[in-house]
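Take a look at the structure below.
FYI, it's all coordinate maths here, none of it is from the lab. Keep in mind that what you see is a predicted model, and the values were worked out from it rather than measured. Note: ideal-geometry Cβ built from the backbone for every residue, glycine included; neighbour counts use all protein chains shown.
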Amino acid sequence: MQLTAPTKKLAVQWLNEALSFVSTFVVADSLVLRNRQLLVAAKRVCLESTP
């Protein structure tokens with residue numbers, strides 16, 4: 001099966017968009033996780049500093 005030029009272009013465009021979406025999702029997920037870890041650490045410090 002041979003792909004025509006427009007089909008190849010669409011395949012590359014689809015792959016590029018899919019990889020971009022996955023990359024964005026991973027970055028957003030890691031930022032949420034990092035913020036959650038910072039919140040947990042901040043709460044711990046607040047609890048330790050209160051008498």
In nm, spacing of pseudo-spin labels at Arg34 and Ala11 (7 Å Cα→C-beta vector): 3.7
0 to 90° range, to nearest 10: angle between helix 5-49 axis and the chain longest Cα axis: 0
Ellipsoid equivalent to the chain - semi-axes via the Cα gyration tensor, in Å: 49, 6, 4
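Using 0.36 nm times the number of residues separating Ala42 and Gln2, minus their current alpha carbon distance, what extension gain do you get? Intermediate results must be reported in sequence, preceding the final value.
Numbers: separation 40, 0.36 × 40 = 14.40 nm, distance 5.82 nm.
Between Ala42 and Gln2, full extension yields an extra 8.6 nm.
Per DSSP helix of 4 or more residues, -39500 (n - 2.57); summed, then divided by the residues of the chain. What does that give at 222 nm, rounded to the nearest 500?
Values: 1 runs with 45 residues, N = 51.
The helix-only estimate for the chain comes to -33000 deg cm²/dmol at 222 nm.
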